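The values are calculated or read from the model by the stated rules, or taken from the named source; none is laboratory data. Given the structure is predicted, the values throughout are model-derived calculations rather than measurements. A quick note on method: Cβ atoms are made from the backbone with ideal geometry, for glycine too, and the neighbour counts reach across all protein chains shown. Surface areas here come from the heavy atoms of the whole protein model, side chains and all, with no ligands, DNA or RNA. Shrake-Rupley method; radii C 1.70, N 1.55, O 1.52, S 1.80 Å.
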Amino acid sequence: MQIVKYAVAASLIATAPLAAAQQLSIATGGTGGVYYPIGGGFAEIINEHLEGYEATAEVTGASVENMGLIMRGDADLALVLADTALQAYEGSGDFEGRQIENTRALASVYPNAVQLVTLADSDIESLADLEGKRVSVGAPGSGTELNARALLEANGISYDDFTPQRLNFNETADAIRDGDIDAGFWSVGPPTSSILNLAATRDIRLIGLSDEEVANARENEPVFAAYRLKAGMYEGMDEAVQTVSIPNVLVVNADMDEELAYNLTKVLYERIDDLIAVHPAANDTTVEFTMESTPVPLHPGALRYYEEVDAEIPDKLRP
């Protein structure tokens with residue numbers, strides 16, 4: 001009789017419908033950048049360590065498009081450049097007239113370095129040498145284009161001075177390799193796969209910025225910071241190169257459930273070694289970096305986590 005009872009119980013368990021996991025969409029960028037592997041790595045962490053949730057990394061046009069996805073509720077989380085997040089929150093720049101006041105951050109993940117690449121035998125050795133050239137400024141709707149335009153305009157260069165091409169990272173690398181363009185901008189966590197692949201097939205040069213060009217950029221765009229690309233980062237790169245960097249922010253809508261935002265923030269830091277194993281850019285994913293670099297208020301759930309770990313939270317990060 002006892003056997004029958006257990007059999008019935010087992011049958012009920014086997015036929016009971018499993019509770020469906022809540023789907024989470026993480027808006028990233030193109031496959032040739034860092035957003036996609038970082039977003040994919042975080043999705044895996046969520047799937048393995050956050051019960052009741054199933055996350056997927058989505059390929060997108062990156063920062064500007066991602067803010068629209070968060071605003072419309074078409075993505076739950078998004079990786080976005082700090083200047084894009086700030087413009088969306090304030091309703092300035094590309095977001096004039098379409099402010100996204102509900103922009104909230106969970107963390108700042110790592111800094112993007114603006115990288116201007118050309119072939120080693122090119123006559124381009126400075127920003128000024130872009131005049132009259134064919135230059136990729138990044139995919140439409142990307143943070144790369146926002147950063148390239150801000151850097152150029154701060155130094156007296158406009159799109160009228162050269163022929164702009166709006167290509168994603170892989171397309172930019174291919175076009176430089178094939179001689180279809182003369183140079184291209186990346187705003188991405190270094191090293192990035194598309195430049196690594198280009199450097200493996202062609203001799204390349206990274207164009208450095210002068211102290212004055214860095215100062216002009218920082219005056220024009222407060223989220224810029226001076227940054228040095230290390231020697232040897234890419235094949236044939238014998239010396240360090242000075243440029244500017246911009247933090248990348250993991251953003252959500254203020255409407256996200258507070259408990260979910262708390263758990264997402266907590267699991268991000270508790271499993272950070274898993275993310276570093278996916279991409280070394282995550283070495284910069286620290287509580288300190290978030291406190292120093294985040295340009296928009298934190299979600300209350302994230303704020304609860306930072307208070308628990310005794311972070312020194314600037315007033316501007318409290319909604």
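Excluding ligands, DNA and RNA, what is the solvent-accessible area per residue of the stretch 207-319 at a probe of 1.4 Å, expressed in Å²? Each step should come with its number before you reach the end.
Values: 5470 Å² over 113 residues.
On a per-residue basis, the stretch 207-319 sits at 48 Å².
Counting every Cα pair in the stretch 83-171, what percent are over 16 Å apart?
On the way: 2429 of 3916 pairs.
Value for the stretch 83-171 (Cα pairs over 16 Å): 62 percent.
Hey, what did the chain get for relative contact order, percent, Cα under 8 Å, at least 6 apart? Let's see the in-between values first.
Details: 670 pairs, mean separation 72.9, N = 319.
Computed value for the chain: 23 percent relative contact order.
What three numbers, in Å, describe the spread of the alpha carbons of the stretch 154-237 along their principal axes, ordered from the longest?
Cα extents, longest axis first: 37, 31, 18 Å.
So what are the ³J(HN,Hα) numbers for the stretch 307-318, from phi and the Karplus equation (6.51, -1.76, 1.60; θ = phi - 60°), rounded to whole Hz, Gly and Pro as x?
Once rounded to whole Hz, the list reads 5, 5, 8, 6, 6, 7, 9, x, 4, 5, 8, 8.
Taking all protein chains in place and a 1.4 Å probe, what share, in percent, of the accessible surface of the chain do carbon and sulfur account for?
In the chain, the share of accessible area belonging to carbon and sulfur is 46 percent.
Quick one: plug the Kirkwood hydrodynamic radius of the stretch 224-319 (C-alpha pairs) into Stokes-Einstein at 20 °C, 1.002 mPa s, and report D in µm²/s. Can you show the working numbers first?
Values: Rh = 15.2 Å.
Calculated translational D: 141 µm²/s.
With semi-axes √(5λ) of the Cα gyration tensor in Å defined as stated, name the option among (i) 33, 21, 20; (ii) 40, 22, 17; (iii) 36, 22, 19 computed from the structure displayed.
(ii)
Identify the GluC sites (Glu not before Pro) of the stretch 102-157 meeting these criteria: DSSP loop state and at most 15 other C-beta atoms within 10 Å of the C-beta.
Numbers: sites: E125, E131, E145, E153; in loops: E125, E131.
Filter output for the stretch 102-157: E125, E131.
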